[in-house]
Amino acid sequence: MQRAQRNSLRLLQWMMAASLALPVALFVITSAISYTSTRDIADREIERTLDVVHEHALKVFETIDRSLAELNEVVRGLPDDVIRAREPALHLRLRRLTDSLPQLKSAWIFDADGKALVNSLASPPPELRFADRDYFYAHVDQTIGSFIGTALTPRPPYQGARFFGVSRRRDSDDGSFIGVIQASVLPEYFESFYARIGSDAGSFFTMGRTDGVLLAQFPRLERDLRLDPTGPVGREIAARPAHGLITVAWPSDGIERRIGYRRVAEYPIYVSAGLETSAIRARWLATMGQHLVFGIPATALLFLLLALALRRTQHLQAEAAKRREAEEALKHSQRLEALGQLTGGGVAHDFNNLLTVIRASVDLLNRPQLTEERRQRYITAIADAVARAAKLTSQLLAFARRQTLKPEVFDVGERMQALHDMLAPLLGPAIEITMRLPTEPCLVHADAGQFETALINMATNARDAMQGKGRIVFTVEAAAAVPDTLAHAPGSQTLVNQNLGSQSLGSQSLANQNLANRGFINVTVSDTGVGIPAARLERIFEPFFTTKQVGHGTGLGLSQVFGFARQSGGEVTVRSEVGHGSTFSLYLPRVPADLLPQRQAPNTAPAVAGSGMSVLLVEDNIELANFAADGLTELGYSITLVDNATDALAELDMDADRFDVVFSDVVMPGMTGLDLAQAICQRGIGVPVVLTTGYSQALAQDGAAGFDLVQKPYSIEELSRILHRAARIRRVRDGAAE
């Protein structure tokens, strides 16, 4: 119990540490996942925005290219003089074109010297030469299709916003250069579009030529005129010229951005869209901040609750320590009550009868001139009385749940028949007992002692219901399944498990082995008592529930029946009608007949000779020690007698090789026999240990821990056989062990 309390405190302390460490670890993991997710979302947003920007730029340049081609067709084959003659009409056409396309500032038709023949701004155009503009001289020596120039400032007398030119070559019929058709495109048109779609914080757009010259950007950075092809951005684009997604510090302002870029079809133009990485991090921090708003208070509350639970547990354990003595006294009184029911019902009478047989036989054995036949008869009577007393003691211990508990395969019918002799004095002469037992075996795997206790509890409950007078019918039969309607309290199992304490039967493990669905064995106990009201049916399996008056018992004892049935993989049901008695049905899983151990004939083999085998006998009761030593000595054993475990260890430490086996009582002052056996194992002393006891609290809870056990009372013949079987093998020479 104290170890369990320490474990519970340690568990709460670990839970307090985990309540802080686990949220922190989860927060770190969640943060990493959230950052990756936020970045992925940002990348998808950039890609979607880049799709829009690319589609917009492609349509703009295609529209301008198509318009220039149409103008070229209008003036194709016309000499410059004809064009000048038609200048007013062509001026109006160019003006309508620029008015219909908001991306255009102006449109021009130049001659071979760079003079404007027609433009959309003025009619007639001023006498200026534009042969030095890139959109003009790029076409003089070669046919390159559409040319996109750099950003330029209008030349006086023309004014207005900056522009970049998109131009086409004018050819004569023989292919010679005769001039240029040009459209002045407004960068601010693209920048206005970028401003409309780039409403998110940290948005960034650019449009530039493949040689790094920037034509438009948002937000506007005056220093951004050209990107170095050998710089970070230029190298990334060179590595993946079609499209890509990069994280780079922009050269002009040093701000790190996540940027996607794409080339506009066949045009020597790149468009890009991106977000500042600080804006992406701000999104992530905002998301994590929302988690923290809920996570920090929840973690603090959990830690506070665990701290309060730890403090409360410490307080409860302190109170439990104070109540433990009172609880032990209560349990002792309950056991005394149960034992009182047995002894008051006739068990004490049975013990006195057995003692009378033993005493009378001893007196008769002391008479002179006793014949051998009569002497043998008295000795047999004493032996039979001792066997019956030992069996009765075992039944009392089973009833009190104080013996070593072990599940076993047994025949319910045979066990019920054996219980008949014990039930008769328990229930009293006014109770008629009827047993209806099957002829075929009805095998179950359960703790036989607990089974008998359950039957006794149901029988005594029936006796009390009949006020000591009536008829009880015990029936054993096979059942295919448990009825669906069960009368027990839904929360009773927890209470029952607490009532049963640490005495685990272990039979549930076999019940879970799915023995081919062989059904159940149903043991019913029917009485002719007063019956149970419907309102009480759901409470009868609760521990300490009782209808008895104060001082007449602490409970009906049916909680043990419920717990035993559940632990054995079965169930218990009840049917009752007020005034017509009650029927309790105990269902236990049936097992196949081949699991029943083979019956052994009564052990009448003679004692095994000791042949000089050396035994270290440890017994604090001097009379019993002398009896065992004398009996073993007569059988040829060499006995070394000590009366406590400490002296036994000293003998073994001095010379363990001279002993073949250690035979020790369990219940002794100071170190018990079980402690002695465990100490021998821990010290690596290779001498086998055989234990003996009539009753031991330690063995009742933990079993014999793998050591051979001789149950008191024992005979010298039985003890000799067990010692001979357990002793380590020694060579025998000249009739003595060596």
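Computed quantities for the displayed model
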item: Nearby aspartates and glutamates by direct alpha-carbon distance to K59 (threshold 19 angstrom, same-chain neighbours under 8 apart not counted); result: E47, D51, E70, D99, E188, E191, E266
item: Highest to lowest packing among 420-433, 114-127, scored as the average C-beta count within 10 Å; result: 114-127, 420-433
item: For G470, net neighbour charge (Lys/Arg +1, Asp/Glu -1) across residues whose Cβ lies under 14 Å away; result: 0
item: Net charge of neighbours whose Cβ lies under 11 Å from the Cβ of P589, counting Lys and Arg as +1 and Asp and Glu as -1; result: +1
item: Sequence ranges 200-206, 457-463, 10-16, 715-721, ranked by mean other-Cβ count within 10 angstrom, highest first; result: 457-463, 200-206, 715-721, 10-16
item: Ranked by how many other beta carbons lie within 10 Å on average, peptides 252-259, 285-292 from highest; result: 252-259, 285-292
item: Ellipsoid equivalent to region 54-138 - semi-axes via the Cα gyration tensor, in Å; result: 22, 15, 13
item: Charge tally in the Cβ shell below 11 Å around I532, where Lys, Arg are +1 and Asp, Glu are -1, I532 excluded; result: 0
item: Additional length obtainable on full extension of the chain from Q369 to D141, 0.36 nm per residue less Cα span; result: 66.4 nm
item: Estimated FRET transfer efficiency (E577, K469; beta-carbon r; R0 22 Å; 0.05); result: 0.70
item: Length released on extending from L221 to I296, taking residue separation times 0.36 nm less the Cα-Cα span; result: 22.8 nm
item: Pairwise label distance in nanometres, S123 with L316, each label 7 Å out on the Cα-Cβ vector; result: 9.9 nm
item: Relative contact order [Cα under 8 Å, 6+ residues apart], region 68-123, whole percent; result: 33 percent
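The numbers here are math on the coordinates, done by the rules we state, and not lab data. Being a predicted model, the structure only gives us computed values, none of them experimental. Every residue, glycine among them, receives a Cβ derived from its backbone with ideal geometry; neighbour counts consider all protein chains shown.
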